[in-house]
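Before any comments, here is the structure.
The values are calculated or read from the model by the stated rules, or taken from the named source; none is laboratory data. Since this is a predicted model, take the numbers as computed values, not measurements. Cβ atoms come from the backbone with ideal geometry, glycine included; neighbour counts cover every protein chain shown. Surface areas here come from the heavy atoms of the whole protein model, side chains and all, with no ligands, DNA or RNA. Shrake-Rupley method; radii C 1.70, N 1.55, O 1.52, S 1.80 Å.
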Amino acid sequence: QVQLVESGGGLVQSGGSLRLSCAASGSGFRFNIMGWYRQAPGKQRELVADITAGGRTNYVDTVKGRFTISGDYAKNTVYLQMNSLKPKDTAVYYCNVRPLELRYAQVRDYWGQGTQVTVSS
């Protein structure tokens, strides 16, 4: 099994910054891609950003230029630096990893418990 430990999040004023981190662990897995999703009340969960072990990043358009994702694959940890936060960024943020289970050569999603980010106007 894969375990995910998230930290960060909280309440911040508009224009402020927060940093999220997520550490993944589990034997017999190769972590190739890690990322963050978010879900606002009444909305579907959406991808915020992800990063591959090779360093390729992907962002949803609404956060480009404001959020930066980084990863330390030696520690299987992913970070999300969120700057210039806006009230519309308010959501529960979920860490997501999609590792390869070496024994079965299978890939599946694992999710963190979620951390609340609230941006006040």
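One table, with the values for the structure above:
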quantity: When residues of the stretch 58-82 are limited to those that are more than 12 Å from the chain's Cα centre (by Cα) and hydroxyl-bearing (Ser, Thr, Tyr), the one nearest to Arg108 (Cα to Cα); calculated: Tyr73
quantity: Among the candidates Ala40, Ala23, residue that is over 20 Å from Thr62 (Cα atoms), of a type in the set (Gly, Ala, Ser) and at pLDDT 95 or above; calculated: Ala23
quantity: Number of positions in the stretch 83-93 that are under 18 Å from Thr68 (Cβ atoms) and within 11 Å of the chain's Cα centre (by Cα); calculated: 1
quantity: Enumeration of residues in the stretch 69-87 that are open to solvent by 20 Å² or more (accessible area, probe 1.4 Å), in contact (Cβ under 8 Å) with a residue 40 or more places away in the chain and either part of a strand (DSSP E or B) or closer than 18 Å to Ser17 by Cα (or both); calculated: Tyr79, Gln81, Asn83, Ser84, Lys86, Pro87
quantity: Top-ranked residue of the stretch 3-54 - restricted to ones that are farther than 19 Å from Val92 by Cα and buried (at least 19 other Cβ atoms within 10 Å of the Cβ), ranked as farthest from the chain's Cα centre (by Cα); calculated: Phe29
